[in-house]
Amino acid sequence: VPFYLRSTILGYNQRSYKPPAIDAFNIAATPAPTPTAMAMNQPSSQSTQALRRGPVVIDLAHFNRLNPSSFQPLQAALAAQGIGSRFWLSKVDIGKLTGYLDFPDQSDALAEQLTDASGLIVISPFFLWSKAEIALVEKFVANGGRLLLISDPDVQGDAAIVTNMLAEPFGVVFNDDYLYDTVANDENYTHFFQKTFTNQASSLTGSKIVFYGGRSISGAVAAQVRSAPTTLSSLRTGQSGFTTVGIGGQSANQTSGRVLALSDYDVLAEPYVARYDNRRILQFTADFLAGGQPEDTLANFPAYLGKTVALVVDSADGVNADLLSQGAQLQQ
C-alpha cells in the first residue's frame, strides 16, 4: 500500500532531482584564522639527562586469558612515573601442538624481552613456564628487576599450580583455594574486604579495599595485606586473616624483597579499581614495580646506554684500517 501510494498517486518515481545552487569552492579562502606555528622548546642536551628506566614487560606469551585493554589503569600509573610497558606475545602456533605438555621453550624470546626491562608481570599463565625461562627470570630479578605475580581464581584457565612453578623459586606459594565472606562483602560472597596493612603497605591503613575473587598466599613471604577476620577459605578451614598481598624473594638467589604476590587481578582493572579505595592498592603496586632498576653491568651492554654513545679506542699501535674497522663495528 505505501509503495502504491508513493508511485501511483504521489508520483515520487516520476519526479526529477534538481541539485541546489552552490557557490564555487575557493581553495584559497580560509574561513578562520590559524595560529602561527612555533617551535617546541627542546632541551639543549639530551645526553645530560638521567637514563630512563626500562619498561615493564607484561607476559601474554603463555596464553594468559587476559584482555590487554584491562591493563590500562596499571599502565597509566606506571607512565605517571616515567615507566613504559610492553606486552610479550607468543609466536607459538598452538594449533600445531599435540598436547598440553608440548608447549615449547621460549627462553630466547624472553631473554630479548628482558634485555632493557625493569620489571615483569605474570598473571595466571595457562601454559607451563620452562626451566630455562624460570632461570632467566631468577637472573633478571637478582640483577635488580621487579616481578609481579598474580594467581586469580576468576581468570579463565587459572591454576595455582601453574603459577607456582614460577613463584616457588622466590618463596611464594598460591594456595589452590578461594576466599569468601558471608558477613562483610561488596554484594557478593567472593568480593571480600581487606583488614590489616603492614610493612611496606602500612601507608594503606584505614583504606577500604575490596578484592573481587582471590586466593590465600603462603610461603616465605612478608605479609603486606591480610583479609578481614570474617573472611574464610574454601580449603583452609578453621583459619582467618589470610595473606592476600605479600613480598617474596630468597636470599639464596639474591631476590629478597623484589617479588610482589597478589591474589586478585580485578582490583587493578576497570571498573573495580574505581570502587572504594582500590586505586590506592593500584598505586602501591605501581610504586613497587617502579622501584626496579637492573644493575648496569657488562652483561647488560649496550641496552642500558643512551642514544648517544661516544667510542674511545685505546691502542698502543698506530691507527690503521683494521682498527678503524673494529671501531666501526663496535660503534654500530
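No value in this document is a laboratory result; all are computed from the given coordinates. These numbers come from a predicted model, not from an experiment. Glycine gets a Cβ as well: all are built from the backbone with ideal geometry, and neighbour counts include every protein chain shown.
Principal axis extents of the C-alpha atoms in the range 177-261 (largest first, rounded to whole Å): 42, 29, 19. The orientation-averaged shadow of the Cα convex hull for the range 59-117, equal to a quarter of the hull surface, comes to 4.9 nm².
Where Rh denotes the Kirkwood radius from the mean inverse Cα pair distance, what is Rg over Rh for the range 80-208? On the Cα set of the range 80-208, Rg over Rh gives 1.02.
In this structure, the amide hydrogen of Lys195, modeled 1.01 Å from its nitrogen in the peptide plane, lies closer than 5 angstrom to those of Arg226, Ser227, Ala228, counting only residues at least 5 positions away or on a different chain. Cα centroid separation, the range 181-257 to the range 83-110: 31 Å. Run down the lysines and flag those whose C-alpha is under 25 Å from the C-alpha of Lys131, throwing out any fewer than 8 positions away in its chain. Counting by Cα, and skipping residues close in sequence, Lys131 has these lysines nearby: Lys91, Lys96, Lys139. Using the Karplus relation 6.51 cos²θ - 1.76 cosθ + 1.60 with θ = phi - 60°, the per-residue 3J(HN,Hα) values for the range 238-247 come to x, 10, 8, x, 6, 6, 10, 9, x, 10 Hz, with x marking Gly and Pro. Close amide H pairs (under 5 Å, H built 1.01 Å from N) link Ile121 with Val57, Ile58, Asp59, Leu148, residues at least 5 positions away or on another chain.
Highest mean first, the peptides 212-224, 1-13, 61-73 sorted by other C-beta atoms within 10 Å per residue fall in the order 212-224, 61-73, 1-13.
Each residue of the range 159-170 was assigned a 3J(HN,Hα) from its phi angle through the Karplus expression (A = 6.51, B = -1.76, C = 1.60, θ = phi - 60°), giving 9, 4, 5, 6, 5, 5, 4, 8, 7, 4, x, 9 Hz with x at Gly and Pro.
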